[in-house]
Each structure stands twice: as structure tokens, then as C-alpha cells.
Amino acid sequence: MSDRLGAVAIGRNEGERLRRCLGSLVGQIGKAGTVVYVDSGSTDGSVEMARGLGVLVVELDRAVPFTAARARNAGFARLSEAAPNLELVQFVDGDCEVVAGWLARAERELGADTQLGVVCGRRRERYPDRSIYNRLCDLEWDTPVGPAEACGGDALMRAEAVRAVDGYDASLIAGEEPDLCLRMRRRGWKVSRIDAEMTMHDADMTRVGQWWKRSVRAGHAYAEGAARHGSGAERHWVRETRSNWAWGLALPAVALGVAAPTGGLGLGLLTAYGVLGARVYRDLRRRGVSIEDARLGAFFCAIGKVPQALGQATYWINRTTGRKGGLIEYKGPSGAG
């Protein structure tokens, strides 16, 4: 197999999910020198399993805070060493299996447009019917086909484009992909989502606490992204952060603040969430989402403003006090439930 195309998978205690991930990569592009797995302090035997599959393994120094961005950079550096002719790199999270045929399709897309730096496809949830939270993930990833502002953790990228922006920002604990894509677009590269199956993801979210943590992490990413790039022409995540502040903090604070003086009538302000939910529901239905999924998405979009605002507040508190925020993980080792 040519070293023109390689892959970087990252993970932490992904267990059987990682086995499926690496197996799907090895099956499509080979192993030695072309597939790299980067481990962030796993304790479930992931490193030994990966080595057993014959892929290159990078174990991150545990003395340095883990981030997905740091792991991807380390993997890309190791892959570049092993494959000096590297032109294309598939980044993938260790809880995702790459669909057969994806790499060939994505490679053709990049070959047809020299300004295309990133191409991604449809990520699907492996078990959407196991929980409403898994179903929400599947709905979240059903984004429009065509020119895009950003990709997620899974995407085929042009190595030249990654190097042009010095890779991911390793200091980010969330939102590193939109940050990377924004910096690429500012350099003239394009990002596109194509109509093709890309990966099968295993969110393994069965509890409301997991959904809450994931939403807090999203809020943290919005806040840091807007703080870094919001003043640019793109107004990166400014609208999202303002919406979270308004719906997730200001509205409940005002409703609770006037509840006592108004004999509880002030709590009626919370009915405004119904207006927000109705608006989201209408937008989802216009996109062709089923009635059931549109209702689910609208409800959790509305109440999700609260944990997202909490995540934003956490970012600003840490920034103000000089503290460094750590990873916000929402699931345990594979099979842990």
C-alpha cells in the first residue's frame, strides 16, 4: 500500500470500539506505516490490542494534560515520519468504524478539487434505538451536504492543509475541529461534506448525566471558540454563545428572581422555552426530519441551553482565575454502560 494515504485514530479506554475502528482502517489502507493509533492513558488494554493488530502506536505522556487535539497532532507527526510521501490523512475517533468504500470516495473528491482541504461524510450512530441520547447524536450529525464551515472528529484531510496551519490547537479541550477548519478556510482551503456514508459511531449514552456532560463540553467549546475568533469576519460562534447566555442563564435567572415578588407568576416566563422548542421543531421538519425526531431534537435543544451556558460559564471562570480546565468526558470504558 502506498504511503500517500494514512490514518490517525485516537482513543482512551475504547475497548471493543477501538478494535472495530482499527480493523476498518487496516482493512482499507493496510497497517504498518499507514495507520497510527494514539492512546491517551487507557487502562483497558487498548495499547496492547492495537499493537496486536499491527498498527503503529503512540502513547502520550501522562504528565501532560490530554486533549484530542494533542493526540491528533502526535499521530499526524508519527504518521508523517513513517510515510514521508503522505498526502492525505484520515482522522478518526476511536469509537468510530470507518465505512467500507469511504476512503476511496473521499480521496476522489479531494483529487477533483485542489483547494479542497477537508472532506467529510455522514457519521451515523451505531445504536440509535438504545437510548434517546444516542438518537440525538444521530440527529445532530445529519448536517447539510455541500460547502461546510467545519468537520467533526472524522474527516479525510489534505496533509498540506494540516501543515499550513500547524495542525490542531493542542490546548483546546473541545471544539478543536471547527478551530482547525476556520484557520484553514482563512488560508484559502475549502471544507465540504459529501453525500456518502463515512463512519459508524458508538456514543454509548444511556444516562441523562452523560448527555448533560456532553452539553457542558459543547458550551465550553462555544465560549472558547467565540473568545478566540468571534471578532473575525466569520463571527465564529458569537450567535451560539449569545443564545446560550440568553436561554440558559438570563431567562431562568430572571424567572426565579421575580418568582417570589410575583407570587410565583414570574415562573411563567419559563414557558418561553416552548416558543424556542416550536421554532427548532419547525426548522427540523423543514429539513425533512421525522415528526418524532423533530420533537425530540426540539425538546433537548431547548433544555440543553442550560448545561451549555454552564459550560460557557466554566470556561470564563477558569480563564478569569487562571485555572486550566481538564477533559470533560461523558462515557466510560467500552462495555461499562
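The values are calculated or read from the model by the stated rules, or taken from the named source; none is laboratory data. Predicted model, so just to flag it, every value in this text is computed and none were measured. Every residue, glycine as well, gets a Cβ built from its backbone with ideal geometry; the counts of neighbours run over all protein chains shown.
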Only residues that are polar (S, T, N, Q) and in contact with a Lys or Arg (Cβ under 9 Å, 6 or more places away or on another chain): list them for the range 239-258, please. 243, 244
Which is surrounded by 22 or more Cβ atoms within 10 Å (Cβ to Cβ), within 20 Å of the chain's Cα centre (by Cα) and within 21 Å of residue 107 (Cα to Cα), of 8, 38? 8
List the residue pairs whose Cβ atoms are under 6 Å apart, where the first residue sits in the range 258-279 and is over 12 Å from residue 301 (Cα atoms), the second is in a helix (DSSP H, G or I), and the two are 6 or more positions apart or on different chains. 258/266; 259/266; 259/267; 266/255; 267/255; 269/255; 270/255
Just one of 100, 77, 106, 63 is under 27 Å from residue 148 (Cβ atoms), surrounded by fewer than 16 Cβ atoms within 10 Å (Cβ to Cβ) and out of contact with any Ser or Thr (no Cβ under 9 Å at 6 or more places or on another chain); which is it? 77
Just to confirm my filter: which helices (runs of 4 or more DSSP H) fall fully inside the range 124-223 and include at least 3 residues that are on the phi > 0 side of the Ramachandran plot and surrounded by fewer than 21 Cβ atoms within 10 Å (Cβ to Cβ)? none
Only one of (1) within 24 Å of residue 131 (Cβ to Cβ); (2) at pLDDT below 95 does not apply to residue 264, and that is (1)
Checking the structure you have, find out if any residue of the range 229-238 is in contact with a helix residue (DSSP H, G or I) (Cβ under 7 Å, 6 or more places away or on another chain), surrounded by fewer than 20 Cβ atoms within 10 Å (Cβ to Cβ) and under 20 Å from residue 68 (Cβ atoms). yes
Within the range 277-297, can you find the residues that are part of a helix (DSSP H, G or I) and out of contact with any Lys or Arg (no Cβ under 8 Å at 6 or more places or on another chain)? 277, 278, 279, 280, 282, 283, 284, 285, 286, 292, 295, 297
For residue 178, only one of the following conditions fails: (1) in contact (Cβ under 8 Å) with a residue 60 or more places away in the chain; (2) of a type outside the set (Lys, Arg); (3) touching a Cys at 6+ places or on another chain (Cβ under 9 Å). What is its number? (1)
Restricting to the range 125-173, give me the number of residues that are over 25 Å from residue 109 (Cβ atoms) and either outside the structural domain of residue 86 (by TED's automatic domain parsing) or of a type in the set (Val, Ile, Thr) (or both). 2
Kindly state which strands (runs of 3 or more DSSP E) lie completely within the range 1-67 and contain at least 2 residues that are in contact with a Gly (Cβ under 6 Å, 6 or more places away or on another chain). 5-11, 35-39
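Residue-wise test of (1) of a type in the set (D, E, K, R); (2) more than 20 Å from residue 79 (Cβ to Cβ).
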| position | (1), (2) |
| --- | --- |
| 142 | yes, yes |
| 145 | no, yes |
| 160 | yes, no |
| 163 | yes, no |
| 166 | yes, no |
Restricting the search to the range 240-271, which residues are in contact with a helix residue (DSSP H, G or I) (Cβ under 9 Å, 6 or more places away or on another chain) and loosely packed, with under 15 Cβ neighbours inside 10 Å? 242, 246, 250, 254, 256, 257, 260, 262, 267, 268, 270
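If only one of 264, 268 is among the small types (Gly, Ala, Ser), on the phi > 0 side of the Ramachandran plot and over 28 Å from the mean Cα position of the chain (by Cα), which one is it? Full working, then the answer.
On the way: 268 fails: on the phi > 0 side of the Ramachandran plot.
Exactly one of 264, 268 is among the small types (Gly, Ala, Ser), on the phi > 0 side of the Ramachandran plot and over 28 Å from the mean Cα position of the chain (by Cα), namely 264.
Table: residues versus (1) in contact (Cβ under 8 Å) with a residue 24 or more places away in the chain; (2) acidic (Asp, Glu).
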| residue | (1), (2) |
| --- | --- |
| 154 | yes, yes |
| 167 | yes, no |
| 182 | yes, no |
| 203 | yes, no |
| 211 | yes, no |
| 216 | yes, no |
| 229 | yes, no |
| 235 | no, no |
Anything in the range 279-307 that is surrounded by fewer than 17 Cβ atoms within 10 Å (Cβ to Cβ), closer than 22 Å to residue 208 by Cβ and of a type in the set (Lys, Arg)? List them, or say none. 295
Please tell me if residue 86 is in contact with a helix residue (DSSP H, G or I) (Cβ under 7 Å, 6 or more places away or on another chain) and either part of a helix (DSSP H, G or I) or not assigned by TED's automatic domain parsing to the domain that holds residue 38 (or both). no
If you go through 281, 330, 315, the only one that is modelled with pLDDT under 95 and closer than 27 Å to residue 149 by Cβ is 330
